[in-house]
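Comments concern the structure below.
The values are calculated or read from the model by the stated rules, or taken from the named source; none is laboratory data. The shown structure was predicted, so the numbers you read here are calculated from the model rather than taken from an experiment. Note: ideal-geometry Cβ built from the backbone for every residue, glycine included; neighbour counts use all protein chains shown. Only protein heavy atoms, including side chains, enter the accessible area calculation; ligands, DNA and RNA are left aside. Shrake-Rupley method; radii C 1.70, N 1.55, O 1.52, S 1.80 Å.
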Amino acid sequence: MRGVSPLPPPGRLRTLSLATLANTVGSGLWLTGAALYLTRDVGLSAVQVGTGLSVAGLIGLTASVPLGGLADRRDPRTLRAVLQLVQAAVAGAYLMVGSFPVFLLVATLDALLASGNLAVRAALVAAVAGPQGRVHAFATLRAVANLGIAVGAGLAGFALAADTHLAYQILVAGNAATYLVSAALLLRLPALAPAAHSPMAAGISRRRPLRDGRFLAVSGAAAILGLHQTVLTLVVPLWAVTLIGAPPPVVSAVLLTNTLLTVLLAVRLSRGVDTAAPAARQMRRAGLVLAVAMLLYAAAASLPTTVAIALLLVATVVYTVGDLWHSTAGAGLAYDLAPPDAVGAYQGADGMLAGLARAVAPAVLTLVVLDGGVPGWLAVGALFAAVGLAGPALTRWALAARPGCSSMTA
């Protein structure tokens, strides 16, 4: 069972993983059922839901750096548990939504908490796992999160099948309850002291992360490469069904392939990227592999439907390897390039750039790929390859500003 389960052995990381599992079961419930709840039960229009979530998401990004910085100065375990409790209340407030203004208010509060919570979680992971284990812990939590979201999505199917007011109310309440379970599990961890101030990094840590241009260059490159997430969840489904002619269940098969491989491979593919230099080399590999996946997705358009479906699944396997390499490489870079006493703030800046990329990705990628066809796929693949190849040079430039950083010799 240990070879299949993403849960680590008993200990602090196991407790953190269980808290993540509980939380992401709720995420799966909400992500799967939110659109239908808000339109069919609350009565909002699809345009109102889309606009509200976009506005809320952009506003929410502003919480990343402040709350991440707070986690550098306070116990990140307690701070994250408190945020989970507040998020439980906000998640439950969706039950009171009856108009667009109320929806926008609740969605904005939710987005602010979610964005800041991710930065605090990054600081908590660093405190629990230490410099040599934080990337492994990050990969473990990603595998667990995928499992939790899959379970939550499956449970949400019952509410969607029932399609009643009561079923949607239970779905919303269930999501809120998972935050309470997560907070209770987090409090089983011992209190964690803030990171000690490092005199070696004093010149850097006094600067705000949003003014650290070299860090932002590396993080920005990782964010651009992170556009691939929208490729899988939005572009590939539309490409497969509308342009290749695949039946809709193929979309589920593609996403399930990615989910299962993530659960099985996330930890295995995270080894050896605890410091910036090897993480940058893995970022390069990720960019090149993702570029190959884009070519395979493009090639499916010129094949008979049955063969095209098989190629879509093969492309998704290739994509998932690049996805996991990118994820762990990005974590390794963001952690190792941050001053030891400002991990939370720097993770917040990294998350903010990733969030900005996710915000623009749907409009840009649907225009480039779905309107541009095969040349659009080639352009996206070329972008991924170029960004991946630039990763090591950008990382060397960033490390040059940190003469005391051990990664210089890595």
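Scanning region 179-205 for residues that are modelled with pLDDT of 90 or more and open to solvent by 20 Å² or more (accessible area, probe 1.4 Å), we see that the one that is nearest to D341 (Cα to Cα) is P190. With respect to the conditions (1) surrounded by fewer than 21 Cβ atoms within 10 Å (Cβ to Cβ); (2) of a type outside the set (G, A, S); (3) not in a loop (DSSP other than H, G, I, E, B), Y168 falls short on a single one, namely (1).
If only residues of region 231-279 that are crowded, with 21+ Cβ neighbours inside 10 Å and of a type in the set (S, T, Y) are counted, the one that is farthest from G372 (Cα to Cα) is T275. Scan region 102-122 and give yes if some residue there is assigned to a helix (DSSP H, G or I), free of Cβ contacts under 8 Å to residues at least 12 places away in the same chain and surrounded by fewer than 18 Cβ atoms within 10 Å (Cβ to Cβ), otherwise no. Yes, some residue in region 102-122 is assigned to a helix (DSSP H, G or I), free of Cβ contacts under 8 Å to residues at least 12 places away in the same chain and surrounded by fewer than 18 Cβ atoms within 10 Å (Cβ to Cβ). The one condition from (1) more than 30 Å from A334 (Cβ to Cβ); (2) within 23 Å of the chain's Cα centre (by Cα); (3) crowded, with 17+ Cβ neighbours inside 10 Å; (4) not acidic (D, E) that A35 does not meet is (3). So for region 129-136 (the condition being modelled with pLDDT of 90 or more, surrounded by 24 or more Cβ atoms within 10 Å (Cβ to Cβ) and touching a Leu at 6+ places or on another chain (Cβ under 7 Å)), does at least one residue qualify? No - not one qualifying residue is present in region 129-136. Here L311 does not fit the description of being open to solvent by 10 Å² or more (accessible area, probe 1.4 Å) and more than 29 Å from P248 (Cβ to Cβ). Residues in region 5-32 that are farther than 21 Å from V125 by Cα and either buried (at least 23 other Cβ atoms within 10 Å of the Cβ) or of a type in the set (F, W, Y) (or both): G28, L29, W30. Screening A93, A35, A22, A56 for residues that are out of contact with any strand residue (DSSP E or B) (no Cβ under 6 Å at 6 or more places or on another chain), within 24 Å of G130 (Cα to Cα), of a type outside the set (F, W, Y) and assigned to a helix (DSSP H, G or I) leaves exactly one candidate, A22.
For region 231-287, a tally of residues being of a type in the set (S, T, Y) and under 20 Å from G28 (Cβ atoms) returns 5.
Anything in region 1-19 that is in a helix (DSSP H, G or I) and of a type in the set (K, R)? List them, or say none. Selection gives R12, R14. G98 falls short of the stated requirement of being out of contact with any Leu (no Cβ under 9 Å at 6 or more places or on another chain), in contact (Cβ under 8 Å) with a residue 60 or more places away in the chain and surrounded by fewer than 22 Cβ atoms within 10 Å (Cβ to Cβ). Output yes when any residue across region 355-372 is more than 19 Å from the chain's Cα centre (by Cα), surrounded by fewer than 20 Cβ atoms within 10 Å (Cβ to Cβ) and part of a loop (DSSP other than H, G, I, E, B), and no when none is. Yes, there is a match, as at least one residue in region 355-372 is more than 19 Å from the chain's Cα centre (by Cα), surrounded by fewer than 20 Cβ atoms within 10 Å (Cβ to Cβ) and part of a loop (DSSP other than H, G, I, E, B).
Determine, yes or no, whether G355 is at pLDDT below 95 and either under 25 Å from L295 (Cβ atoms) or touching a His at 6+ places or on another chain (Cβ under 8 Å) (or both). Against the criterion (at pLDDT below 95 and either under 25 Å from L295 (Cβ atoms) or touching a His at 6+ places or on another chain (Cβ under 8 Å) (or both)), G355 does not qualify. Scoring L399 on the criteria (1) surrounded by fewer than 24 Cβ atoms within 10 Å (Cβ to Cβ); (2) within 20 Å of P237 (Cβ to Cβ); (3) in contact with a helix residue (DSSP H, G or I) (Cβ under 9 Å, 6 or more places away or on another chain); (4) not β-branched (V, I, T) leaves a single failure, condition (2).
If you go through region 284-308 and keep only what is open to solvent by less than 10 Å² (accessible area, probe 1.4 Å) and of a type outside the set (G, A, S), you end up with L290, M294, Y297.
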